[in-house]
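The next block holds one structure in the form of structure tokens; read it before the comments.
The values are calculated or read from the model by the stated rules, or taken from the named source; none is laboratory data. Computed from a prediction, not measured in an experiment: that's the story for all the values here. We place every Cβ from the backbone using ideal geometry, glycine too, and count neighbours over all the protein chains shown.
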């Protein structure tokens with residue numbers, strides 16, 4: 001939940017250019033670039049009945065040795081606390097609706113606040129390694145997003161703001177803790193779990 005004194009940035013995020021191969025080959029796109037994967041996957045993804053969900057829910061829709069992709073349904077007020085994505089880099093691509101990202105940022109005086117960024121449908125937002133953020137659906141309508149991680153998401157550490165400190169919680173999410181549960185349907189078996197994203 002953002003603090004009232006949070007730093008604020010309004011407007012849609014810019015979509016960066018696709019990543020290039022590390023060897024510098026001219027015009028070649030990295031096959032594990034999360035933005036390129038999201039660009040190819042997003043147009044074909046639909047979640048019939050997602051608008052009826054009352055809790056943030058997720059489905060893993062693709063998984064290879066190089067990446068994984070998750071479709072997330074966000075009802076009004078759906079949110080996930082401050083977290084990172086372990087050793088993975090990624091993208092968040094908004095398919096429908098509007099999501100709000102909050103990123104911890106220290107200002108020029110050393111005070112920690114939250115930068116606010118609205119992510120509109122059609123936006124693809126890069127998440128570099130070590131990126132910490134929270135996501136909330138502040139709108140009055142359902143949102144749907146695609147999240148792609150490379151390498152595949154294996155852990156997430158959750159954080160709290162404590163004054164001007166970002167404090168890691170003791171219990172990170174780990175993919176192996178899911179016991180094969182890769183579809184985050186709102187059911188008693190997944191109650192209380194943070195789940196991926």
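See the values below:
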read-out	value
In the range 83-106, the residues that are over 10 Å from the mean Cα position of the chain (by Cα), farther than 22 Å from residue 41 by Cα and touching a residue at least 60 places away in the same chain (Cβ under 8 Å)	86, 87, 102, 104, 105
Among (1) crowded, with 19+ Cβ neighbours inside 10 Å; (2) in contact with a helix residue (DSSP H, G or I) (Cβ under 7 Å, 6 or more places away or on another chain); (3) within 15 Å of residue 58 (Cα to Cα); (4) modelled with pLDDT of 90 or more, the one test that residue 137 misses	(2)
Matching residues, the range 59-70, being surrounded by 22 or more Cβ atoms within 10 Å (Cβ to Cβ) and not in a loop (DSSP other than H, G, I, E, B)	68, 69, 70
